Amino acid sequence: MKPAAELKVLHVCECLPGGPGSYLQEVLPAQLAKLGAGKVAVLAPESQLGLLPADGGLVTFSYDQESRSASATVRLARQIRHAVRQFAPDVLHLHSTLAGALGRTVTLGMRRRPKIVYCAHGWMIDPDKPVRGRGLIAAMERSLSRFTDSIVNISPHEAGFLLDRGFARSKLDLVVSGIRDFPAPPPVEPQERPVNLLFIGRLDYQKGFDLLLPAIARLPEGLAKVTVVGDVVRGGVRPGIEGLAIDMKGWLPREEVAKAIVEADAVVMPSRWEGLPLVALETMRAGRALIATNGGAFRHLVQDGETGALIDNGDPQFLVDTLSRYGIADFRRMGIAARAAYEAGFRADRMNEELLGLYRELAAA
């Protein structure tokens, strides 16, 4: 097996904001610490390099991506080949669909082709996601998997539906996502006051913000206070919130998001589909309860009634029903159990050890 000090890894990401960027925030510092300066590189859009962690020794490659156009895609493809030739990685780790497709095809036939690791960070063929041509997309992904040494699944939910879609078990590796630990805040004694509910994320179809609004509208006055951290992205339209008692914070720095989670009694995630949302892990790490959709990855994250509440996101009564069953004291109890679940299975050091172990196995093969 190749010694850690000799291993070189190149990450390619077509869009850093959101899940892939948060994932790299956890992965890159650990890999630099283990492999050493100059042994880890990232290729990403020039305008987004500032979102990478500022640890010394990270090698960066970039390309001009003013928009997601055909010309930008061609530039990314060329830069992948350039970075592979110049950096000569042992492992090429591709993040999300476009980088995954380009990285696996443009490196075919290269004299020194690295081992290819692909992480979708949310699959187009997720059965919870409405998409046209699912069968065709699945066939294309299966074809690309032939040129992949490892498909990293970030949750058991992903591994399950890929097997159902005919992906080879030998190509699939489960490396459940994790995040760095921060000390859990001291427990707060429950008080007689409205329940503090928090939504974090894009105000879009996937995150189910449009499903949250009618649920908020049905809440009796004074039962709950709802705070929203996030906004629309890239051409989206903000749903109407007129007449609803919502405190809109917009996008906040990560440290401010962590503070907002601590101030909440529960974080609400009515998403239509998710791979493994880092907001959920941040909530568990903070010792707070989750109110989340009863499907997809949440079935592996939330123990209903113990670490949070699983809800039917299509029922506009889901908040009223949940708050009729559970009060602030219940959410505090759930939060303690959620923190224990985080410590047991979702720490970043475990994820990073497993990922580096996978790299070494592939490089030695």
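Every number here is computed from the coordinates shown, using simple stated rules; none is lab data. What you are looking at is a predicted structure, and each value in this text was computed from that prediction instead of being measured. We place every Cβ from the backbone using ideal geometry, glycine too, and count neighbours over all the protein chains shown.
Once you've got the Cα coordinates, tell me which of Lys115/Lys207; Lys8/Lys207; Lys8/Lys259; Lys34/Lys171; Lys39/Lys249; Lys34/Lys249 are over 30 Å apart.
Lys115/Lys207; Lys8/Lys207; Lys8/Lys259; Lys39/Lys249; Lys34/Lys249
Can you pull out the GluC sites (Glu not before Pro) in region 26-94 that DSSP calls coil and that have at most 12 other Cβ atoms within 10 Å?
The qualifying sites are Glu66.
Between Asn294 and Arg142, what is the label-to-label distance in nm when each label sits 7 Å out along the Cα-to-Cβ direction?
With each label placed 7 Å out from Cα toward Cβ, I get 3.3 nm.
For helix 328-345, what angle does its Cα long axis make with the longest principal axis of the chain, in degrees from 0 to 90 and rounded to 10?
It is inclined by approximately 20 degrees.
Roughly how many Å is it from the Cα centre of region 320-365 to that of region 174-227, as a whole number?
17 Å
Set the Förster distance to 45 Å, then compute FRET efficiency between Thr73 and Asp312 from the Cβ-Cβ distance, nearest 0.05.
After rounding to 0.05, the efficiency reads 0.70.
Rank by packing, highest mean first: peptides 139-151, 11-23, with packing defined as the count of other Cβ atoms within 10 Å averaged across residues.
The most tightly packed comes first, giving 11-23, 139-151.
Hey, what angle do you get for helix 97-106 against the long axis of the chain, alpha-carbon based, 0 to 90 degrees rounded to 10?
On a 0 to 90 degree scale, this one is about 10.
Order the peptides 94-105, 278-289, 201-212, 249-260 from the highest to the lowest mean number of other Cβ atoms within 10 Å of their residues.
278-289, 94-105, 201-212, 249-260
Quick one: if the Förster radius is 30 Å, what FRET efficiency do Glu221 and Leu252 give, using the C-beta to C-beta distance and rounding to 0.05?
0.65
Quick check: Cα centre of region 250-274 to Cα centre of region 79-110, how many Å?
What the calculation gives is 34 Å, centre to centre.
Could you check the simple spin-label distance between Val106 and His82, using points 7 Å along Cα→Cβ, in nm with one decimal?
0.9 nm
Only one of the listed values, (1) 20.4; (2) 21.5; (3) 23.4, was derived from the coordinates as Kirkwood radius over Cα pairs in Å; which label is it?
(2)
Over the Cα atoms, compute the radius of gyration (one decimal) and Dmax (the largest Cα-Cα distance, rounded to a whole number) for region 195-345, in Å.
14.0, 42
Please order Val302, Val59 by the number of other Cβ within 10 Å, starting at the fewest.
Ranked by crowding around the Cβ, least crowded first: Val59, Val302.
Is the shape of region 1-104 best called rounded, prolate or oblate, per the rule: a/c under 1.5 gives rounded, else a/b larger than b/c gives prolate, else oblate, with a ≥ b ≥ c the square roots of the Cα gyration tensor eigenvalues?
prolate
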